[in-house]
Amino acid sequence: MTHKEVLKSKGKQLSNILQNNKDSFNKGLIDSAGWVSVAALTYDFDFSPNLIEEIVEMNSKQRYEFNENHTKIRLYKL
């Protein structure tokens, strides 16, 4: 798999995880404000912090946002 294909695949996975659905909330993955820990994504879903940063940078729709110190991520809400 090329790096571009990995980015696309992991980007879709990240988007699915970050959707504030009841299942993820009940598992404690997403907090009430929609934030997910970057550490949890790294540990539970085989992301690296660098890969997450790259997915966010490359996303043309600018759908993600980090907290101030980049330890949490969520879908951007207008």
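The values are calculated or read from the model by the stated rules, or taken from the named source; none is laboratory data. Note that the structure is a prediction, hence the values are computed from the model and not measured. Here the Cβ positions follow ideal geometry from the backbone for every residue, glycine too, while neighbour counts run over all protein chains shown. Only protein heavy atoms, including side chains, enter the accessible area calculation; ligands, DNA and RNA are left aside. Shrake-Rupley method; radii C 1.70, N 1.55, O 1.52, S 1.80 Å.
Structure notes:
- Residues whose amide H comes within less than 5 Å of that of residue 72, counting only those at least five positions distant or on another chain, are 38, 67 (H built at 1.01 Å from N in the peptide plane).
- The residues of the chain expose, per residue, 70 Å² of accessible area to a 1.4 Å probe.
- Mean sequence separation of contacting Cα pairs (under 8 Å, at least six apart), scaled by the length of the chain, corresponds to a relative contact order of 28 percent.
- Surface composition of the chain: carbon plus sulfur atoms contribute 50% of the solvent-accessible area (1.4 Å probe, protein chains only, all chains present).
- Label separation (residue 54 vs residue 13): 1.3 nm, computed from points 7 Å beyond Cα along the C-beta direction.
- Ratio Rg/Rh [Cα only; Rh per Kirkwood] for the chain: 0.94
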